[in-house]
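As structure tokens, the structure follows; a few thoughts come after it.
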Amino acid sequence: MSEVFVLYDGFSTMCAKDEMVANCSCTLVTGGHNIIVDTMTAWDSEKILRALQNYGIAPSSISYVVSTHGHSDHIGNNNLFLQAKHIVGFSVSFRDKYYMHPFDKGEKFIVNDSVEILPTPGHTLSDVTVLVRTKNSESIAITGDLFENMEDIGNPNIWLEAGSEDPVQQMKNRSKIADLADWIVPGHGPKFKVTEQIRKSLREQSGDTCSMKKG
Ligand SMILES: [Zn+2]
């Protein structure tokens, strides 16, 4: 069984009309495999190494690096982990070898008994979510920017303004992941508990967006 440790909470704040300060949530999964999800900006290598050291984890013992999508704040330190398979959005590789996986057909990538990687396009067309079943039998979804932060459930402008290449799909996948998960680690905010109220609200928004598209 696996465990999930958020090494750094992501954040994003507008600081001027066309400037924003942001970094992503960086998360460690331990258990069957050591996995790091979203490696922040290229300037954060020391921070990541320090955090891993606190858990007694050497970069060489990371088996998978997952970047939920290819934006610069989610891939910055992938090259600290050269023994790991790299999954960046829908792309799976090790060194110069690429492994075809049909994420685009909706198929999940199974890492082990307690970790799977699901295609959840929307923010970009090739976003993925890491779904972990912990030893307390809870499901934790590490979603990248499928969810910007908890506040974006009440105020969808937050995730829309953060950029969405396909809002209709994103809305559907937000609802799907909320139905599967007890906790969400969003791309740019602290981990939060998924309540029935959140699930209901996302289902309604998803229905609205779909009927809007049809209309
Ligand atoms: Zn991001």
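Values in this text are rule-based calculations from the coordinates and carry no lab data. Everything quoted here is computed from the prediction, not taken from an experiment. All Cβ positions, even for glycine, are placed from backbone atoms using ideal geometry, and neighbour counts span all protein chains on display.
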* Rough spin-label spacing in nm, given labels placed 7 Å along Cα→Cβ, for residue 180 and residue 3 -> 2.4 nm
* To do: Starting from the Cα of residue 110, move 7 Å in the Cα-to-Cβ direction to define the label point; list residues of the stretch 132-168 whose amide nitrogen is under 20 Å from there.
  => 132-135, 137-142
* Over the alpha-carbon set of the stretch 59-197, work out the extent along each principal axis and list the three values in angstrom, largest first. => 43, 35, 28
* List 57, 140, 48 from most exposed to least, where exposure is judged by having the fewest other Cβ atoms within 10 Å. => 57, 48, 140
* Low-density loop cleavage sites - GluC sites (Glu not before Pro) in the stretch 105-168, where at most 15 other Cβ are within 10 Å (DSSP) -> 107, 138, 165
* **Full-stretch length increase - residue 19, residue 139 - with 0.36 nm per residue and alpha-carbon distance subtracted** => 39.7 nm
* Structure fact -> If one builds a Gaussian network model of the chain from Cα atoms under 10 Å apart, the most fluctuating residue listed among 128, 29, 66 is 29
* Most fluctuating residue given options 171, 100, 40, as computed from a GNM of the chain linking Cα atoms under 10 Å -> 100
* Structure fact -> Largest fluctuation, 169, 83, 53 only, Gaussian network model of the chain with Cα springs under 10 angstrom, belongs to 53
* Structure fact -> For 67, 12, ascending order of other Cβ atoms within 10 Å (fewest first) is 12, 67
* Asked: Can you sort 202, 28, 49, 146 by how many other beta carbons sit within 10 Å, fewest first?
  -> 49, 28, 202, 146
* **Computed lengthening from residue 95 to residue 60, 0.36 nm per intervening residue step minus Cα-Cα distance** => 11.2 nm
* Alpha-carbon Rg/Rh ratio, for the stretch 31-81, with Rh computed the Kirkwood way -> 0.94
* **lysines with Cα under 20 Å of residue 135, excluding same-chain neighbours fewer than 8 positions away** => 191, 193
* Only loop residues by DSSP count here, and only those with at most 14 other Cβ atoms within 10 Å; note down the trypsin sites (Lys or Arg not before Pro) in the stretch 85-161 that meet that. => 95, 135
* Structure fact -> Given the candidates 68, 87, 153, the one whose Cα lies deepest towards the positive end of the charge dipole of the chain, counting +1 at each Lys or Arg C-beta and -1 at each Asp or Glu C-beta, is 87
